1. 5 Å is the cut-off here: which amide hydrogens, built 1.01 Å from N in the peptide plane, fall below it relative to Tyr170, excluding neighbours closer than 5 in sequence?
2. What residues have an amide H closer than 5 Å to that of Ala361, excluding those fewer than 5 places away on the same chain, when H is modeled at 1.01 Å from N in the peptide plane?
3. Using θ = phi - 60° and the Karplus form 6.51 cos²θ - 1.76 cosθ + 1.60, what ³J(HN,Hα) does each residue of segment 328-345 get, whole Hz, x for Gly and Pro?
4. Let me have the 222 nm mean residue ellipticity of the chain computed from DSSP H runs of 4+ only, each contributing -39500 (n - 2.57), with the sum over all residues rounded to the nearest 500.
5. With 10 angstrom as the radius, rank Tyr280, Tyr273 by how many other C-beta atoms surround their C-beta, starting from the fewest.
6. Average projected area of the Cα convex hull of segment 36-86, in nm²?
7. Please check: in the Gaussian network model of the chain (C-alpha springs, under 10 Å), which one of Arg180, Arg122, Arg381 has the largest mean-square fluctuation.
8. Rounded to a whole number, what is D in µm²/s for segment 13-262 from Stokes-Einstein with the Kirkwood radius over alpha-carbon pairs (10 °C, 1.306 mPa s)?
Amino acid sequence: MAELTLQKRAPEAEALRALSERLGDPDWLRRLRRQAFEALDGLPFPQPRSRRLDLDWRAFEVLLPEEAPRMEGRRARLQLRNGVPVAEGGAELPEGVVVLDLETALERMPDLLERYLHQAVRFDTDQMTALNAAFRMGGVIIYVPEGVEVSEPIVLQQELTESGVAFFPYTLLIAAPGSRLTVIDELGGPTLDRPALTSGVVELYAESGSVVQYVAVQRWGSHVVDFTTRALHARRDAAVRWVNVSLGARLSRAVIRAHLLEPGVAADLLGLYIVDGDRYIEHDTLQDHIAPHTTSDLLYKGVLRDSALSVYSGLIRVHHGAQRSNAYQANRNLLLSRQARADSIPMLEIEANDVRCTHGASLGPVDEEHLFYLMARGLSRSEAEHLIVLGFLQEVLERIPVERVREEILEDLEAILFPAG
């Protein structure tokens with residue numbers, strides 16, 4: 001992949017003021033935006049490990065909001081286009097459950113947003129998180145009150161249909177104590193003629209005793225350079241299944257942080273990525289055991305073909321006093337061509353002496369003996385390879401909680417790895 005070089009434009013302070021005024025931000029949010037913007041120059045750029053990226057965010061036009069219809073926030077599906085809510089539908093949600101764009105939510109529940117917004121993902125982490133905090137337009141909040149169970153999956157569909165722009169999607173999920181829900185967060189759009197930059201943030205708050213299943217599916221067009229930061233704050237006895245699926249973008253770098261804050265937390269962390277052409281994908285994960293008696297189980301699997309490159313870097317960190325922590329981390333990669341490459345960097349940082357932590361990584365081509373076995377039973381080489389890839393990914397696919405999503409990911413896999421003709 002050639003370096004992406006973009007020419008600088010004038011600073012975007014004017015766009016920041018226009019954005020706040022047009023959205024009618026409260027004072028505390030205006031201050032947050034301004035602080036994030038002023039911190040930009042002093043923060044590090046999250047440079048990918050194995051791809052030099054010469055990129056300046058000022059080269060992109062910051063999207064400003066259009067007039068949007070008012071959402072009721074009582075339906076299980078919300079669609080946004082370029083950060084603007086365009087439709088809601090699906091099943092009616094239980095009393096008190098909210099699925100809303102942030103601008104409407106700021107009018108209805110400002111105190112809740114002030115409490116949670118940009119607390120799990122701080123704006124001063126790096127330049128991309130600061131850009132999101134400063135220029136976020138649109139965004140979604142999902143809130144489930146204490147003890148409420150949402151039986152139908154909540155579906156967010158966020159689409160980018162512009163090129164030459166900087167886009168800052170944001171998802172805030174708050175599961176109050178004892179609540180239960182499943183969320184499918186789908187991000188995508190067509191491939192267009194000019195580069196686009198996305199810098200997304202997701203904050204998940206799983207309060208005590210809540211059960212959360214969250215699936216993020218990224219299908220950006222191949223003109224997109226994508227930076228994403230997602231963080232989980234999990235409280236006592238919360239159970240979280242968190243699946244990250246990466247299928248699109250020219251270059252994608254995802255930072256995943258799971259903070260296990262109190263005893264009894266169990267986090268099931270899954271990833272699946274399919275990479276072709278000369279695309280690049282990077283995952284940087286943290287299993288952060290802050291409290292004792294916490295469990296995390298991470299499995300990320302990828303399939304690469306052509307001259308694609310993936311990098312996985314994962315850290316299990318067990319803090320002092322976090323005794324009886326149990327953590328597992330595995331990254332597996334299947335290479336379908338000689339030019340494809342996968343780098344894996346598993347790490348441990350242990351400050352307690354009564355823990356169980358293991359990690360591992362593997363990469364390699366399709367086993368020729370497996371191919372021979374299947375071909376000897378009448379399959380073509382392509383058909384045999386196809387079955388082996390499906391079998392390799394099945395361990396992650398079967399743990400995605402919604403059948404429709406599993407089927408659509410399988411269709412994506414077919415289109416990327418085994419295109420017709």
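Each reported figure results from applying straightforward, stated rules to the coordinates on display, with no laboratory input. Not measured: the values here are computed from a predicted model. Ideal geometry is used to build each Cβ from the backbone, glycine not excepted, and the neighbour counts take in all protein chains shown.
1. The list, which skips near neighbours in sequence, is Gly139, Val140, Val201.
2. Asn331
3. 9, 9, 9, 10, 10, 10, 10, 9, 9, 8, 5, 7, 5, 9, 9, 10, 9, 10
4. Numbers: 8 runs with 87 residues, N = 421.
After summing the helix terms and dividing by the residues of the chain, the value is -6000 deg cm²/dmol.
5. Values: Tyr280 23, Tyr273 26.
Neighbour counts put them in this order, fewest first: Tyr280, Tyr273.
6. Working: hull surface 25.9 nm².
Mean projected area for segment 36-86: 6.5 nm², to one decimal.
7. Arg381
8. Values: Rh = 18.1 Å.
Translational D for this selection: 87 µm²/s.
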